[in-house]
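Participant: Supplied in structure tokens, the structure appears directly below.
Quick note: the coordinates plus some simple rules give every number you see, no bench work behind them. Note that the coordinates shown come from a computational prediction; the quantities given were computed from them, not determined experimentally. Here the Cβ is made from the backbone with ideal geometry for all residues, glycine too, and neighbour counts use every protein chain on show.
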Amino acid sequence: MNFASDNTTGASPEIIDAIVAANDGQTMPYGNDDYTVRVADRIRDIFETDAEVFMVATGSAANALALSTMTASYGAVLCHWLSHIYEDECGAPEFFSGGAKLIPLEGEGAKINPEQLEKYAGRGVGDVHMVQPMAASVTQISEMGTVYSVDEVQAISEICKNRKLKLHMDGARFANGLVQLDCSPADITWKSGVDVMSFGASKNGALTSEAVIFFDKSMAREFEFRRKRGGHLFSKMRLLSCQMDAYLKDDLWLRNARHANAMGQRLKQGLINLPGVEFPTTNDANMLFPHLSQNLIDALHADGFQFYDDRWGDGIVRLVTAFNTPQSHVDAFIEAARKHTG
């Protein structure tokens, strides 16, 4: 039973069916197909704005190509030091931007501290010897499972606006954050000052499908060239777009996220009162980071449960539930933990 990541699952049956259906027949390549046009219109409707939408295959490509459009090679992107772009993308944002620097900031729960942002957003501005702050990036939900509120995004956006920085949102798990917040997609993105968003689907039921949404359309034309140069203008783009189309149809994306979150919170409630189990960070969605004793970690691994326990130190483990995590798996984990701590 695997709680290591929501990447360990397959794809939603609805999305597999959509790929099979889209595979039939012929259509024009490179995004000049009905699926790509329709999914862009769906995203505009969902976000209530006339954005520019581009499909890519991976979250790292979405982030790196988006950020490369938002900053010059001599620029800097301010982000949390636990963000995916800083820790887990092997320098892709720096590579695709031609050398722009990522400047990591502090903040509880892997969310950027506005005071830190204010401090570094003005550092070195106009000094030819220093990289120039040009963008900031927030992760929704964060890499520690925390959720940025509308007020928090707006506070960060206000600093960015005052300092003339563009604001990017890494939304690899955007759906999980959205259903937890119970607000509209527009409220937590462009209405709160987000300029560009990487809109993820692969962690929530898709196979290989991510969108880059330009709420600030002035950068969109450059992105077209960067996407092509970066190898993400797919000839058979319909097979990416049909996944996103099915993901958004009939609110599959929200249903999947609600299930993942519900399983995450069921798991948390089953563990929270066990002896020796602590939750140092408030996790409201589908990623939990409890502190467990080494004996309990070893016993759970011996029972066949898979999860990460080697990156955060001090007994912190990561438990992730997915769109199709069975409740029986969650209950089995809780029961095993109860047995080993009883």
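Participant: In percent, how large is the relative contact order of the chain, given Cα pairs closer than 8 Å and 6 or more residues apart?
Facilitator: Values: 692 pairs, mean separation 79.6, N = 342.
With pairs under 8 Å counted, the relative contact order is 23 percent.
Participant: What is the extension gain from D250 to S218, computed as 0.36 nm multiplied by their sequence separation minus the C-alpha to C-alpha distance, in nm to one decimal? Display every interim value, and only then the final one.
Facilitator: On the way: separation 32, 0.36 × 32 = 11.52 nm, distance 3.11 nm.
Length gained between D250 and S218: 8.4 nm.
Participant: If you average the sequence gap of Cα pairs under 8 Å that are 6 or more apart and divide by the length of the range 50-200, what percent do you get for the contact order? Intermediate results must be reported in sequence, preceding the final value.
Facilitator: Values: 284 pairs, mean separation 34.2, N = 151.
Once divided by the residue count of the range 50-200, the mean separation gives 23 percent.
Participant: Additional query: Taking θ as phi - 60°, what are the ³J(HN,Hα) couplings along the range 196-209 by the Karplus curve (6.51, -1.76, 1.60), each to the nearest whole Hz, with x for Gly and Pro?
Facilitator: Values per residue, Gly and Pro as x: 9, 9, 8, 9, x, 10, 5, 7, 10, x, 8, 9, 8, 7 Hz.
Participant: May I ask for the equivalent-ellipsoid semi-axes of the range 98-200, computed as the square root of five times each C-alpha gyration tensor eigenvalue and listed largest first in whole Å?
Facilitator: Details: eigenvalues 120, 35, 31 Å².
Its equivalent ellipsoid spans semi-axes of 24, 13, 13 Å.
Participant: Oh, and also: Which residue, chosen from Q132, A110, W81, occupies the Cα position most advanced towards the positive end of the dipole of the range 13-251, where the dipole is computed from +1 (Lys, Arg) and -1 (Asp, Glu) charges on Cβ about the Cα centre?
Facilitator: The listed residue farthest towards the positive side: Q132.
Participant: Let me ask you something else. If you average the C-alpha positions of the range 288-342 and of the range 179-243 separately, how far apart do those two centres end up, in angstrom?
Facilitator: 33 Å
Participant: Let me ask you something else. How big is the dipole moment of the range 1-77 about its Cα centre under a simple scheme where the beta carbon of each Lys and Arg is +1, that of each Asp and Glu is -1, and everything else is neutral? Debye, nearest 20, please. All intermediate terms of the calculation are to be shown ahead of the outcome.
Facilitator: Values: 3 positive and 11 negative charges, 64 e Å.
Computed charge dipole of the range 1-77: roughly 300 debye.
Participant: Now for a separate question. Based solely on its DSSP helices, what 222 nm [θ] is calculated for the chain when runs of n ≥ 4 H residues each add -39,500 (n - 2.57) and the sum is averaged over all residues, nearest 500 deg cm²/dmol?
Facilitator: Working: 14 runs with 146 residues, N = 342.
Rounded to the nearest 500, it is -12500 deg cm²/dmol.
Participant: For M130 and I16, FRET efficiency with R0 = 41 Å and r from the beta-carbon atoms, rounded to 0.05?
Facilitator: 0.25
Participant: OK, next. Let me know the charge dipole size of the chain about its Cα centre in debye, to the nearest 20, where only the beta-carbon of Lys, Arg (+1) and Asp, Glu (-1) is charged.
Facilitator: Working: 31 positive and 44 negative charges, 114 e Å.
The calculated dipole for the chain is roughly 540 debye.
Participant: Next question, about the same structure. Say the dipole of the chain comes from +1 at the beta carbon of Lys and Arg and -1 at that of Asp and Glu; which of A11, S97, T341 then lies farthest toward its positive end?
Facilitator: Selected residue: S97.
Participant: Order by neighbour count: I272, I85, I297, fewest other Cβ atoms within 10 Å first, most last.
Facilitator: With the fewest neighbours first, I272, I85, I297 line up as I272, I297, I85.
Participant: Further, regarding this structure: Using a Förster radius of 25 Å, what is the FRET efficiency between T208 and N2 based on their Cβ-Cβ separation? Nearest 0.05, please. Before the final figure, lay out the partial values.
Facilitator: On the way: r = 20 Å, r/R0 = 0.80.
Once rounded, the FRET efficiency stands at 0.80.
Participant: Just one of [x] 21.7; [y] 20.6; [z] 22.9 is Kirkwood radius over Cα pairs in Å calculated from these coordinates, so which is it?
Facilitator: [y]
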